[in-house]
Amino acid sequence: MTDAAAASTSAADAAATAELGAIPETDLETVRDEFHVLHEIVKRARANLDRNTWDYLRGGTESETTVKRNRLAFDKVAFRPRVLNDMREIDTGGSFLTHKVSLPVLLCPIGSLESFAANGPVQAMRAAAHAGVPLFLSSVGTVPLEDVAKIEGGTKVFCLYKRGDDSWLDDIVARAVDHGYDAFALTVDSAWYSRRERDMANRFVKPWRQVPGMEFQKALNWKDVERFKKTHDIPLILKGIATAEDARLAVEHGADMIYVSNHGGRQLDHGLGALDVLPEVADAVAGRAKIAVDGGVTRGSDIIKARALGADAVGIGRMLCCGLAAGGAAGVVRVLELLEEEVRIDLGLLGLNSFNDIDGRYIAYTDPVEPAHVWSQYPLLAPDDYTY
């Protein structure tokens, strides 16, 4: 090997090693200086991404009715604050399964995070470890679960689309267990791939869709869940539950967490908003399993509303992608910092020192004040900031 080639290899190795380490404080200082509010991160992400990737991020299925209902479900919920409590100390922490977390938030499984930043899944895990929240790693992507596992700290969940037979699944579960993943999730709302018309109109064929074996996802059923629980010891999460009926079945089949989700409005159109479904799921689960929810979460107030209605953990998806696109791992940390700041202030103004005492008494239902869309909680964004 020449001296030049050796130097190049050494530099590449050093860069790869650095990427596995702590996020440099200089990177964090930069994003804190640049982004003071969440909508500035969205605006930067839009500027940094090409049209195909941006429309994939913000879009949904067909008429995008479910996308809008996800946001509308949060917009219909108002707060009922209590006063004259000592609010000098506010704890924003929560739990995820048996793990303590700094904020009751999870980073959603997003297909091909590497579309939003170089080595995106690794960057997302660095942010999750830094911030003390879980990352769900999607099986749709080019970065192996082993690479993400190299990041020290943080809670890791592998989220699978089934693309092979039972022995294929068992092998992946074994890899996840061997590399320290804390839980395993099955995506259950994707028997068919939906008509995502923004992508279709752009003639954008996503490379991560070109994977054989989709018939195994179509065949996934409750017997597979039963077999998983008999075969594997790792906690099981079912992602994509949208009714009380399926929540009951999930608990009866041993699921450790029920993940309420409509895929961010990207699978079945004309569904209910995820937050609208949450109360019936919470009633059906009745404390027998943990509950997560995602879909339309863009504010700290959304996290509080979801906790009040029965969620233990609240997923952020599009904001995860925006953080990556705006500033890599540091950008995701900044998203989480700003969400935590909003949560802390809102809890204090609600008269709550922590999430321990929150319940339905702190919310009411009312009419929304703005037409709902993906970014409607950011009124200072101009349409040119989020459209193409």
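The values are calculated or read from the model by the stated rules, or taken from the named source; none is laboratory data. Quantities reported herein were computed from a predicted structural model and do not represent experimental measurements. Methodologically, a virtual Cβ is constructed for each residue, glycine included, from the backbone with ideal geometry; neighbour enumeration extends over all protein chains shown. All accessible areas refer to the heavy atoms of the entire protein, side chains included, with ligands and DNA or RNA removed. Shrake-Rupley method; radii C 1.70, N 1.55, O 1.52, S 1.80 Å.
Structure above, values below:
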item: Net lengthening on full extension, residue 215/residue 178 (0.36 nm per residue, minus Cα-Cα); result: 10.6 nm
item: With eigenvalues of the C-alpha gyration tensor scaled by 5 and rooted, the range 158-222, Å; result: 26, 14, 11
item: Label-to-label distance, nm, for residues given as residue 230 and residue 201 (7 Å Cα→Cβ offset); result: 4.9 nm
item: Relative contact order %, the range 47-159, counting alpha carbon pairs below 8 Å whose residues are six or more apart; result: 20 percent
item: Contact order relative to length of the chain, as percent, for alpha carbon pairs under 8 angstrom and 6 or more apart; result: 28 percent
item: Compactness of the range 142-269, expressed as Rg and Dmax over alpha-carbon positions, Å; result: 15.4, 45
item: Label point distance in nm, residue 192-residue 98, each placed 7 Å from Cα along Cα→Cβ; result: 4.1 nm
item: Å² of accessible area per residue within the range 340-381, as computed with a 1.4 Å probe and no ligands counted; result: 58 Å²
item: Accessible-area value, residue 25, 1.4 Å probe, nucleic acids and ligands omitted, Å²; result: 100 Å²
item: Efficiency of FRET from Cβ geometry, residue 25 and residue 245, R₀ 56 Å, rounded to 0.05; result: 0.70
item: Antiparallel content of DSSP bridges confined to the range 137-273, in %, to 5; result: 0 percent
item: Cα principal axis extents for the range 78-225, largest first, Å; result: 59, 41, 37
item: Residues with amide H under 5 Å from that of residue 291, placed H, sequence gap 5 or more; result: 258, 312, 313
item: Solvent exposure ordering (accessible area, 1.4 Å, most first) of 41, 90; result: 90, 41
item: Local net charge near residue 146, Cβ-Cβ under 10 Å (Lys/Arg +1, Asp/Glu -1); result: 0
item: Relative contact order for the range 110-203, counting Cα pairs under 8 Å that sit 6 or more residues apart, in percent; result: 24 percent
item: Proximal lysines to residue 229, defined as alpha-carbon separation beneath 18 angstrom and excluding residues fewer than eight positions away on the same chain; result: 162, 239, 290
item: Under the span-like rule (Cα at least 27 Å along the axis, Kyte-Doolittle mean at least -0.5), DSSP H helices of the chain; result: 318-350
item: Residue among 278, 28, 268 with the largest mean-square fluctuation in a Gaussian network model of the chain, springs linking Cα atoms under 10 Å; result: 28
item: Residue of 206, 239, 68 that the Gaussian network model of the chain assigns the largest fluctuation, springs spanning Cα pairs under 10 Å; result: 206
item: Extension gain, residue 78 back to residue 33 (0.36 nm per residue minus Cα-Cα distance, nm); result: 13.0 nm
item: Most mobile of 353, 48, 202 in a GNM of the chain (Cα contacts under 10 Å); result: 202
item: Cross-link partners of residue 230 among aspartates and glutamates (Cα-Cα below 16 Å; sequence separation of 8 or more within a chain); result: 166, 170, 171, 252, 256
